[in-house]
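Everything below concerns the one structure shown next.
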Amino acid sequence: MSDAADPVLSALATRLGDEAAAALLARARGYSNYPNAVKGAAKLDGDPVVEAAALAVVDDPALAGELGLAPDVFPFGAPATALWALLTLAARADVGVVDRVAPHFTGQDYADRLLTAVRRAATRHAAAGGTTSATADTAPAPEVPQKLSQVKPWLAAHPDADPEALAPVPRQKAAARVAAVRTLGSLGTPQALDVLGRYAADRYPDAVLDELHRAWPRFDRRAFAATMFGRSDTLDLGMAPSLEGLGAVPGLTGLDVVLDAPGGADLTPLAECTALRTLRVGAEGEPGLLGVEPLLGLTALTELHLTRTTRHADLTPLARLGVRRLRLDLDGGDGSFLLDMAHLERLLLADGDARPETGEVLVGLVERGVLVTVYRHQAASFPALTERGLAADVVAVEQNGYLGLTTDPDAADGLRRRLASNIVP
């Protein structure tokens, strides 16, 4: 019969019987330290009944005190050694138990390492089909890279690495996340993408985003885009070499990107993004923006920013868009098409090498009721606009390095506040 004075033994016995429960608990309590408990339990034969029993014990709040998980244990106490052995077995039945136990160890660095080891042991066990570890390779999982400098040598040493070893873990350090993303990107397999998808987020730190751009070409670009960029309907891609595959992201309504590609900024993939309402594209380097025709089907687009190098692109098709707010680096090009943008309400124009007629175009827009803004230091590039700005029917607002002009006196205060807050256009 089970010993009622030993609640853990009693709980195990109800599922395993007295003899099996006593043998399991004796083994679990016999390890000399926590790491050995995890390693030892990971080598035990697979047995779903035993694993389910361990899970029931670890998940039972009535046994928390016996296992050292009670709230009053820390910081002066410590969990029972048996906990780590039972947890390793329990994670085979439900790896989610690791996350449920983790809050008990907040701030305990040693526990983070042990929880990671438990999770990896469960992953290896599942990958082996739950077979007995006595007949399988029982070596501990390779220590995965914790910083970028470790990625290349780690891959060389583990050419057949299991991507599951690189899955995110609780309280993972930022450098380790970046290293894991690079390692998974280097593997480039469908299995690696599955694991990489667990790092998907609404927004990414710059370091992670850089690694995602590095990894993107190694996978099917559409599958990668849907997996890594489909968590939000607005997306900041930072500096990217290509947009290929982005059309697979459903319902994208906002995009902010700087395109830096040797062949130029190609907007063709955006033709599929028909829900876009706001688009900000910076075309870096030469030849810069290749063209705007792919945007013509974006009927929902109301705000558009096209900046940096635009001089080689034909911008006249923009007149066919329903854009209301436009920021444009004209880059010495012909801006006459602006007068044909029937829905335009606000414009921020930058052009340090403006044609003489560009100022007249801006005057025409102001007279039509468009709120026109230029950078104050470039105002001399538009003499017609500057002269017109001194006329009685035009209100000029200088604020925060901008010069804004409107023929509506009632709009001047709102324009000033927007310029002060860099809400331009």
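The values are calculated or read from the model by the stated rules, or taken from the named source; none is laboratory data. Predicted model, so just to flag it, every value in this text is computed and none were measured. All Cβ positions, even for glycine, are placed from backbone atoms using ideal geometry, and neighbour counts span all protein chains on display. Accessible surface areas use protein heavy atoms only, side chains included; no ligands, DNA or RNA. Shrake-Rupley method; radii C 1.70, N 1.55, O 1.52, S 1.80 Å.
Structure notes:
- Using alpha-carbon coordinates, inclination of helix 206-215 to the longest axis of the chain, degrees: 80
- By average C-beta atoms within 10 angstrom, highest first, the peptides 417-424, 377-384: 377-384, 417-424
- Computed from the alpha carbon atoms alone, the convex hull of segment 253-292 holds 56 Å³ per residue.
- For the chain, the antiparallel share of DSSP beta bridges with both residues in that region comes to about 20%.
- Size of electric dipole in segment 261-304: Cβ of Lys, Arg +1 and of Asp, Glu -1, about Cα centre, debye, nearest 20: 180
- Dipole moment magnitude, nearest 20 debye, segment 351-425 about Cα centre, only Lys, Arg, Asp, Glu C-beta charged: 260
- Considering only 8, 154, 339, the residue lying farthest towards the positive end of the dipole of the chain is 8, judged by Cα position with unit charges set on Cβ.
- The packing ranking, built from the mean of other Cβ atoms within 10 Å per residue, places the peptides 311-318, 143-150 in the order 311-318, 143-150, highest first.
- Size-normalised alpha-carbon gyration radius of the chain, reference 2.2 N^0.38 Å: 1.41
- Tilt relative to the chain, helix 48-59 - C-alpha long axis, 0 to 90 degrees, to 10: 70
- Average accessible surface area per residue within the chain, 1.4 Å rolling probe, Å²: 46
- Unit charges on C-beta of K, R, D, E only; dipole of the chain, Debye: 640
- Lys/Arg +1, Asp/Glu -1 at C-beta; the chain dipole; positive extreme among 62, 248, 421: 62
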